[in-house]
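This report refers to the structure that appears directly beneath it.
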Amino acid sequence: MDRLWAPWRAQYIRESAGAAAADPGCFLCRGLAAPPGEDRENLVVWRRPHSVVVLNRFPYNNGHLLVAPRVHQGTLGGLSGDDLTEPVETMRRAIAVLDRMLNPQGYNIGVNQGKAAGAGLPGHLHWHVVPRWDGDTNFMPVLGQTKVIVESLHEFYDRFAAELCFESGERAAAPQVAPRAGAASDAAE
Ligand SMILES: [Zn+2]
């Protein structure tokens with residue numbers, strides 16, 4: 001591949017310099033610190049100034065997103081200003097995209113704060129956004145088939161990134177992804 005013009009690298013370098021509080025043991029911090037060119041692999045689907053959206057690698061349902069502040073902070077009380085408010089705004093916009101893509105009948109939206117509450121990543125607060133349909137099941141029936149899940153996650157990633165570009169005009173995490181012509185017609189899968 002020819003050399004890419006990659007203006008986001010400058011932002012990445014600036015962010016890396018200021019990310020002293022990031023925890024390398026935290027997959028959200030690792031995803032944010034990685035070059036945006038690795039966002040698809042890391043399932044980082046939307047970077048915003050104070051928040052990020054990541055696909056859950058082990059989804060409870062189709063479209064299961066994690067929305068987090070960029071800062072490595074484990075409690076709601078530890079967040080303030082844009083770190084507190086932008087994730088909620090991001091969630092609202094991500095849900096608008098999911099509505100169009102998947103047309104769910106409801107959502108579970110919630111935070112597990114602390115290990116005792118079931119947080120799998122207690123150091124970095126994140127909201128789970130899980131689309132729900134009447135009669136759906138809580139768990140994917142094919143947990144043994146990791147490869148299949150990963151492939152469908154990347155397919156979902158591309159569709160979500162394309163929808164996000166379409167909705168907001170704001171560049172999603174994957175600049176190489178162009179909106180697909182058939183994106184609207186397969187929303188009812
Ligand atoms: Zn973190």
* Please tell me if THR90 is of a type in the set (S, T, N, Q), assigned to a helix (DSSP H, G or I) and surrounded by fewer than 18 Cβ atoms within 10 Å (Cβ to Cβ). => no
* Structure fact -> In region 88-125, anything within 16 Å of the ligand (Cβ to nearest atom) and of a type outside the set (S, T, N, Q) is listed as VAL111, GLY114, LYS115, ALA119, GLY120, LEU121, PRO122, GLY123, HIS124, LEU125
* Going by the conditions given, is GLY77 more than 17 Å from LEU164 (Cα to Cα), among the small types (Gly, Ala, Ser) and within 15 Å of the ligand (Cβ to nearest atom)? -> no
* Structure fact -> Looking across region 31-40 at residues that are among the charged types (D, E, K, R) and touching a residue at least 24 places away in the same chain (Cβ under 8 Å), the single one that is farthest from the ligand (Cβ to nearest atom) is ARG40
* In the set LEU43, LEU55, LEU66, LEU28, which member is surrounded by 18 or more Cβ atoms within 10 Å (Cβ to Cβ), at pLDDT 90 or above, away from the ligand (no atom under 16 Å from the Cβ) and closer than 27 Å to ASN108 by Cβ? -> LEU55
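The values are calculated or read from the model by the stated rules, or taken from the named source; none is laboratory data. Treat the numbers as computed from the prediction; the structure is a model and nothing was measured. Because the Cβ atoms are built from the backbone with ideal geometry, glycine has one as well, and the counts that use them run over all protein chains shown.
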